[in-house]
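Below is one structure; the comments refer to it alone.
The values are calculated or read from the model by the stated rules, or taken from the named source; none is laboratory data. Here the structure is a predicted model, which is why all the values come from computation and not from measurement. All Cβ positions, glycine included, derive from the backbone under ideal geometry; neighbour counts span all protein chains shown.
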Amino acid sequence: MYVTPEQLVASNKANVEAMIGLAKTGFATLEKLSTLNLNATKAAFDDVMGTTSSLMGAKDAQEAANLSVSAAQPAIEKAVAYSRSVYEVATQSHAEITKYIEGQAAEFNKTVVAFLDQFAKNAPAGSDVAVAAMKSALAAANSAYDSMSKAAKQATELAEANFASATKEGKKAKAAA
């Protein structure tokens, strides 16, 4: 079986489109994180200016201490919200990249199987064992990939559950304080 120029062009086009898709995902993630960071920085600056103004108007040390303590809780809540937002952006980006990679892997597998089938049709007698071995190796690799994907998904779900639990406990601690 020979590879035609049209097949090479199609393969190269698909690879370029794949890289463009991944680059777009990366830039979209960068844009979201940049916006998030800019907004968080602006909000922190505004909070510091407001707290500073309040402290400048304090009549005594006790009032200044109370103002400092009262400013700390919203800062902690905002830090938790910021962390949650960063985590959500990272999770979305990871999901998009994973989906894309899985699609590419599936396409690659189809191409390899089609190549092996075509090769088997034109191969000399006795080469069916080699083709079967290649298909078996491909099946084993796919199985290993599926196992790793499931383990990664379980780890991600566990991390999400832990993050949600930590956030919930933080809110409980805030309510108790």
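General remarks:
- Residues of segment 32-67 classified as within 27 Å of F163 (Cα to Cα) and either outside any helix (DSSP H, G or I) or basic (K, R) (or both), total: 2
- Residue satisfying condition, being surrounded by 10 or more Cβ atoms within 10 Å (Cβ to Cβ), at pLDDT 80 or above and within 24 Å of G103 (Cβ to Cβ), within set A133, A152, A144: A144
- Among the residues of segment 109-143, the ones that are of a type in the set (D, E, K, R) and farther than 21 Å from S11 by Cα come to 3 in all.
- Of A18, A10, A64, all but one fail to be under 30 Å from I97 (Cβ atoms), among the hydrophobic types (A, V, I, L, M, F, W, C) and surrounded by 12 or more Cβ atoms within 10 Å (Cβ to Cβ); the exception is A18.
- Considering segment 87-142, the residues that are out of contact with any Leu (no Cβ under 7 Å at 6 or more places or on another chain) and of a type in the set (S, T, Y) include one that is farthest from K32 (Cα to Cα), namely S127.
- Scope segment 27-61; condition within 22 Å of the chain's Cα centre (by Cα) and surrounded by 11 or more Cβ atoms within 10 Å (Cβ to Cβ); matching residues: A28, T29, L30, E31, K32, L33, T35, L36, N37, N39, A40
- Contact map, segment 31-43: first residue free of Cβ contacts under 8 Å to residues at least 40 places away in the same chain, second residue in a helix (DSSP H, G or I), Cβ cut-off under 7 Å, separation 6 or more or different chains; pairs are A43/K78.
- Qualifying residue in segment 68-75 (condition: surrounded by 10 or more Cβ atoms within 10 Å (Cβ to Cβ), touching a Ser or Thr at 6+ places or on another chain (Cβ under 8 Å), farther than 30 Å from E160 by Cα and of a type outside the set (K, R)): yes
- Here K24 clears all of (1) of a type in the set (K, R); (2) under 31 Å from the mean Cα position of the chain (by Cα); (3) surrounded by fewer than 11 Cβ atoms within 10 Å (Cβ to Cβ) except the condition numbered (3).
- Flag if F163 is closer than 24 Å to A44 by Cβ, modelled with pLDDT under 80, out of contact with any Pro (no Cβ under 7 Å at 6 or more places or on another chain) and surrounded by 14 or more Cβ atoms within 10 Å (Cβ to Cβ): yes
- Index of the failed condition, Q92 passing every other in (1) more than 30 Å from M19 (Cα to Cα); (2) surrounded by 13 or more Cβ atoms within 10 Å (Cβ to Cβ): (1)
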